Amino acid sequence: MTQKTLTHLQRLEAESIHILREVVAEAENPVMLYSVGKDSAVMLHLAKKAFYPAPPPFPLLHVDTTWKFQDMYKLRDKAAKDAGMELLVHRNPEAAERGINPFDHGALHTDMWKTEGLKQALDKFGFDVAFGGARRDEEKSRAKERVFSFRSANHRWDPKNQRPELWNLYNARKAKGESVRVFPISNWTELDIWQYIHLEGIEIVPLYFSAPRPTVERDGLLIMVDDDRFPLQDGETPQMRSVRFRTLGCYPLTGAVESEAKTLPEVIQEMLLTTTSERQGRAIDHDQAASMEKKKQEGYF
Amino acid sequence: MTDPIYKTDALIAEDIDAYLEAHQHKTMLRFITCGSVDDGKSTLIGRLLYDSKMIFEDQLATLEADSKRVGTQGGNIDFALLVDGLAAEREQGITIDVAYRFFATEKRKFIVADTPGHEQYTRNMVTGASTADLAVILIDARKGVLTQTRRHSYLVQLLGIKNVVLAVNKMDLVDYDQATYDAIIEDYTNFARSIGIEEFVAIPISGLAGDNIAAHSDTMPWYTGPALLPHLEEVEISNTVEQEQPFSMPVQWVNRPNLDFRGFAGLVATGSIRPGDSVRVLPSGKTSEVARIVSLEGDRDLAVAGESVTLTLKDEIDCSRGQVIVAAQAPLEVADQFESTIVWMDEHEMVPGRAYWMKIGTQTVSATIQHPKYEVNVNTQEHLAAKTLDLNAIGVANITLDREIPFDAYDNNHALGGFILIDKITNATVAAGLINFALRRSTNVHWQATDIDRADHAAMKNQKPAVVWLTGLSGSGKSTIGNILEKKLARMNRHTFLLDGDNVRHGLNKDLGFTEADRIENIRRVGEVAKLMTDAGLIVITAFISPFRSERDMVRSMMQPGEFVEVFVDTPLEVAEERDVKGLYAKARSGQLKNFTGIDSPYEAPFNAEIRIDTTAMSPEEAADAIIDRLIP
């Protein structure tokens, strides 16, 4: 009898693929929310594996805020094409009309573009299941999140209506109009994600790697000036700094960290060492990451 | 406080490539911690996170500050604060089944299922235990084996967790006394045997002080076994046990990107598989050989239990989602009645006799539960008489399915013996179940035919029965449309049956010819068959020329109002004759075929067909879609 010990990444991969396939087998009209970040990259890669040699039998949906980094838009289009998948981009027309932006509108920016935008897109296309790349290790309160998270017809999350998840038996049944958010990489940690990207050679946005980039300092954050919409203050000139990003979102809201990590192993090294030594700017970055996650949870997921 | 020995690997700083290489080969252990707050469960988990260096410096600073402010440890670090934080959510009414925590050492990645609180304990613990490779049962050294220890142990044994660790905690509070520990172990050993736990590893610990957590502690020199974390790193994972069994894989999804490829995707439940292995598809019993194990990286020569794979077979045999591919020489049992152990998880009590959805492996069937034989008192394991099962009750009951399924006893194969029950109205997951064994049908059960009417049949199939009656000239495209329609409906999980004119004449109606009388009798019989099938809840598709209005109306009158959907496949005679796919028009024109509709026998077009398909303007696909729009608004 042949024996083979599965590694932790192999077990995680098998579980995620199982979840992706369950949804495709049981859902009527699934979609994958694609945010172009590293977690999305892993989720997309797993989908390619799950359905090979067919392309993943669902489209990618990017809920765009129009304020993402240019590099993200480039990789988004390329990744969808490489996977042979349809890419749907939704921009909340009301937010566009009102000119909602991160500089003038604060929290409204996220609410209108992302939260409302997502609801609009799901309704518009009639998707009944949406894959999301959230992980349980992202923060303490996510630890109890289910893999299949149910939403009422008006996208409300009803905490009392969530179902116990036993073995690998997921109950995907729902009434008409109800929908489900499914998180195939729930059990992956940040380190698992990085290791898998490294092992599988998954393409990620170059912003995760250090490079000289034009930045300004705002409220203790290093913000990259990614296009000419950035309102510079009097006398302010962007400075070239060697920076990279640990999380990616709208460029005016995403703090960079100064770093020399130019390769994936170096990025992982930096991340691992960060756990034992307080690095300059890391606490801020961590807070930033957490608050981004919170927003994501309130609306996006 | 013992210093953590799991310092960040020096390799990270010195040689990150070597570090990554080493860590890619880590294994994973999923475990559950069983115990109440008083047993120091949160403290233990917090300690494991801390000792495995999963805590950021800034988090540690916060923890130290919080410990001084609200901690219960007199200014020392209160590890419980790391994992608590569920209390607030509980107050908000958010149901928390299980919280999952993650940490890793140099050898393994760990996923801890933490089940909070006393309330809902059975439901939560069963949920957490269902995916666990190992259980850590916590005992307070001052209190010894308590009722709740018995309950936790019973549930661990019920869910078939083979690796059990008995962590005798708070040894610091009994002065690290060996006699106290030995007495607890003796007590527990007797109890464990009585419920079928043959083996367990006992470790005296202090989660608070860190004794015997990461490393062997000097405080208990009399203890010579492993510390907790090293044991968790070394213990053999049950995956290897599953691999030793014969191959089985529930088919999850059939991958058909084109006509040349048909792959069967699934998670291997047990055993291993290689190209060339003989396999059998259950319940049909058809056999074939594995041709390829297909993956994005190229074909593989081996797949084992726990891997998600795509197989292709050498022969074109029927195999769809829900069926199970097994090693040809080791078929599973197939049955539709079982004795099972049921853990009720819903606030509405179980209703014996009601049909629930049962999801087992990758298939969902309709299941009726009979009155429980008994309920088990989870604290004492006594059998109690019960009429039903309430929330958190565990009982044994027979269960009857609407069809036969391949299965295994849960003890042998969790993937093919564990199931959930789903309420058909609310769609809530109401129970978890374990198949004990199959029942022999004839001896034990009464057929409930009179109780199950056509509405029940339809409800079980979750659809509205209908007869889609395709009528039109020979060669108009009825069978083509019917076939596409059926495929589309099948993909939507609708239960259908296609009654084809030619096929029926091979059997049921082979005594009939093509005279007018015979044609009428032909349609009458088909109508009766279609009626029986709608009683059974099916969507029936018929493809018959059925040239006479009166016979079509006769069939219409047999059906329930609204269930008969007449579809006029409208193809002009000259078009049908030009197609002449079967060469029949030529024969009729030359006089070799008598009574041929359109040539020497009339076709009466419907006046008020529900749907008219103009085949000169619509493709068969579009026609099928139009019919579906009507059937399933």
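Assorted remarks:
- Electrostatic dipole magnitude of the range A:206-285 [Cβ: Lys, Arg +1; Asp, Glu -1; Cα centre; debye, to 20]: 240
- Label point 7 Å beyond Cα of residue B:278 along Cβ direction - residues of the range B:321-359 with amide nitrogen under 13 Å: B:327-331
- Relative contact order for chain B, counting Cα pairs under 8 Å that sit 6 or more residues apart, in percent: 8
- Selection among B:472, B:154, B:102 by position relative to the dipole of chain B gives B:472 as farthest towards the positive end (Cβ unit charges, Cα centre).
- Hydrodynamic radius of the range B:167-315 per Kirkwood, over alpha carbon pairs, in Å: 19.4
- For the range B:531-621, the list of trypsin sites (Lys or Arg not before Pro) that fall in a loop by DSSP and count at most 13 other C-beta atoms within 10 angstrom reads B:582, B:594.
- Dipole axis of the protein assembly as shown (+1 Lys, Arg; -1 Asp, Glu on Cβ), positive-most option in A:55, B:228, B:393: A:55
- For residue B:422, the shell of other residues with beta-carbons less than 13 Å away shows a net charge of +2, using +1 for Lys and Arg and -1 for Asp and Glu.
- Contact surface B-A: accessible area buried, both sides summed, square angstrom, 1.4 angstrom probe: 7100
- Bridge type composition, the protein assembly as shown - antiparallel percent by DSSP, nearest 5: 65
- Degrees separating the helix A:264-274 axis from the principal Cα axis of chain A, which is the longest one: 80
- A loss of 40 Å² or more of accessible area (1.4 Å probe, protein heavy atoms, ligands and nucleic acids excluded) relative to the isolated chain is seen in these residues of the range A:8-43: A:8, A:11, A:14, A:18, A:21, A:22, A:25, A:26.
- Each label was represented as a point 7 Å from its Cα along the Cα-to-Cβ direction; for residue A:96 and residue B:617 these points are 3.5 nm apart.
- Hydrodynamic estimate: the Kirkwood radius of the range A:206-285 over Cα pairs, inserted into Stokes-Einstein at 10 °C and 1.306 mPa s, corresponds to D of 121 µm²/s.
- Carbon plus sulfur fraction of accessible area for the range A:57-117, probe 1.4 Å, in percent: 48
- Fully extending the segment from residue B:607 to residue B:455 would add 51.6 nm, taking 0.36 nm per residue of separation and subtracting the current Cα-Cα distance.
- Sulfur and carbon atoms: percent of accessible area, the range B:501-549 [1.4 Å]: 58
- Degrees separating the helix A:190-200 axis from the principal Cα axis of chain A, which is the longest one: 80
- Violating pairs (Cα-Cα greater than 31 angstrom) within the set A:68/A:124; B:107/B:314; B:41/B:373: B:107/B:314; B:41/B:373
- Under 5 Å, built H, 5+ apart or other chain: amide partners of residue B:27: A:8, B:109
- Gyration tensor (alpha-carbon) shape descriptor, the range A:120-170, a/c threshold 1.5: prolate
- Antiparallel %, DSSP beta bridges [both residues in chain B], to 5: 65
- Its Cα gyration tensor gives chain A an equivalent ellipsoid. The semi-axes, each the square root of 5 times an eigenvalue, are 31, 25, 18 Å from largest down.
- Compared with the dominant Cα axis of chain A, that is its longest principal axis, helix A:8-26 is turned about 60°.
- For the range B:579-633, chymotrypsin sites (Phe, Trp or Tyr not before Pro) are listed when DSSP marks them as loop and at most 13 other Cβ atoms sit within 10 Å of their Cβ; the list is B:607.
- DSSP loop GluC sites (Glu not before Pro) with at most 15 other Cβ within 10 Å excluded, longest remaining stretch of chain B: B:383-603
- Remark: the protein assembly as shown projects, on average over all directions, an area of 43.8 nm² (convex hull of Cα atoms).
- Residues of the protein assembly as shown: accessible area per residue with a 1.4 Å probe, Å²: 41
- Of the residues A:67, B:253, ranked by 1.4 Å probe accessible area with the largest first, the sequence reads B:253, A:67.
- Helices that extend 24 Å or more along their long axis by alpha-carbon positions and average at least -1.0 on the Kyte-Doolittle scale are, among the DSSP H runs of chain B, B:178-195, B:516-535.
- Note on the range A:206-285: with neighbouring protein chains present and a 1.4 Å probe, carbon and sulfur make up 52 percent of its accessible heavy-atom surface.
The values are calculated or read from the model by the stated rules, or taken from the named source; none is laboratory data. Keep in mind it's a predicted model, so treat the numbers as computed, not measured. Glycine also receives a Cβ, built like all others from the backbone with ideal geometry; neighbour counts cover every protein chain displayed. These accessible areas exclude ligands, DNA and RNA; they are computed on the full protein's heavy atoms, side chains included. Shrake-Rupley method; radii C 1.70, N 1.55, O 1.52, S 1.80 Å.
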